[in-house]
1. Identify, please: which residue in region B:140-183 is in a loop (DSSP other than H, G, I, E, B) and at the interface with chain A (Cβ under 8 Å from one of its Cβ atoms) and is, among those, surrounded by the most Cβ atoms within 10 Å (Cβ to Cβ)?
2. I'm trying to understand the selection: among the residues of region A:53-70, which are buried (at least 22 other Cβ atoms within 10 Å of the Cβ) and either more than 7 Å from every other protein chain (Cβ to nearest Cβ) or farther than 19 Å from A:LYS5 by Cα (or both)?
3. List the helices (runs of 4 or more DSSP H) that sit entirely inside chain A and contain at least 3 residues that are within 19 Å of the chain's Cα centre (by Cα).
4. Got a number for residues in region B:111-138 being assigned to a strand (DSSP E or B), of a type in the set (Asp, Glu) and over 19 Å from B:GLU6 (Cα atoms)?
5. Taking region B:1-38 only, how many residues are modelled with pLDDT of 95 or more, away from chain A (no Cβ under 14 Å) and surrounded by 14 or more Cβ atoms within 10 Å (Cβ to Cβ)?
6. Within region B:124-137, does at least one residue satisfy the condition of being out of contact with any strand residue (DSSP E or B) (no Cβ under 8 Å at 6 or more places or on another chain) and either buried (at least 19 other Cβ atoms within 10 Å of the Cβ) or within 16 Å of B:LEU40 (Cα to Cα) (or both)?
7. Does any residue of region B:71-84 turn out to be of a type in the set (A, V, I, L, M, F, W, C), over 26 Å from B:VAL20 (Cβ atoms), in a helix (DSSP H, G or I) and away from chain A (no Cβ under 13 Å)?
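The values are calculated or read from the model by the stated rules, or taken from the named source; none is laboratory data. All of these numbers come straight from a predicted model, not from anything done at the bench. Because the Cβ atoms are built from the backbone with ideal geometry, glycine has one as well, and the counts that use them run over all protein chains shown.
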Amino acid sequence: MLLKKFHNVGFEGVEVVARRPFGLGELVRYPLFAPEFLDFLRRVIPSHRHGELVYSIVVTARKPRARTEEEKGGGP
Amino acid sequence: MSYFSETEARSIIRDAYGQVHSDGVAVAEALYATEELERLPRGAVTFALGVGHPVRHAALEPGETVLDLGCGAGIDTLLAAQAVGPRGKAIGLDMTPAMLERAREHVGQIGLDNVELREGLMEELPLPDASVDVIISNGVLNLSTRKSRALAEMLRVLRPSGRVSIADLVITEALPEEVLKSPAALAG
């Protein structure tokens with residue numbers, strides 16, 4: 001879904017250059033999450049998913065290059 | 001589907017990031033190389049809250065102008081500023097005043113002259129068209145309820161052939177609805 005948004009907006013060369021699972025073991029490092037919230041996640045999410053709740057990715061992409069005057073005019 | 005309005009989401013996120021306290025380095029040590037962290041103020045390291053390493057994949061060159069969307073306390077902005085050198089510029093943008101204040105302190109502590117910090121929204125970037133060479137972002141795009149709008153703004157401010165390196169979280173299998181409705185999950 002996210003990659004599709006990059007394409008739809010007009011980015012080119014959209015590529016996932018890094019990808020790794022992000023589970024409860026990663027979340028405990030973040031001070032944003034209180035212990036009570038992490039316990040809540042352990043309760044409501046099946047245990048087989050605790051190691052891979054979501055994925056962390058890095059996406060690279062580029063804006064199209066400027067078109068030349070010839071390209072704009074549809075020249076030969 | 002978003003369970004929060006744009007206004008609600010921003011309020012939750014501002015509060016969460018404005019009130020966060022951190023003295024740990026676990027996040028930074030999991031994401032960055034030791035030699036990178038040794039070049040940074042401790043506060044920038046302990047307040048690293050990203051999910052990846054966009055600078056590593058941005059191929060920054062001396063002299064480039066790079067925009068760090070959702071810069072937080074500035075760890076990626078500072079790394080980018082070091083990479084583009086004195087002829088370049090790193091612009092850190094964040095909507096949370098408390099985080100920007102931390103970033104300003106860290107810029108001052110490291111003595112960089114090529115960093116500019118601005119308050120603003122990724123959906124309404126306070127920058128002219130075609131004004132930056134590279135955009136980086138780390139665990140921020142997922143906080144937006146208008147991701148396509150944010151991406152369109154990125155495209156607008158990039159110069160032709162400009163590039164992005166965006167670290168973020170993606171769901172490959174649906175999470176329980178009660179998790180998705182949680183403000184704590186939104187802020188994370």
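1. Taking the candidates together, the pick is B:SER182.
2. Matches in region A:53-70: A:LEU53 only.
3. A:2-9, A:24-27
4. So the answer is 2.
5. Result for region B:1-38: 2.
6. no
7. So far as region B:71-84 goes, yes, one or more of its residues are of a type in the set (A, V, I, L, M, F, W, C), over 26 Å from B:VAL20 (Cβ atoms), in a helix (DSSP H, G or I) and away from chain A (no Cβ under 13 Å).
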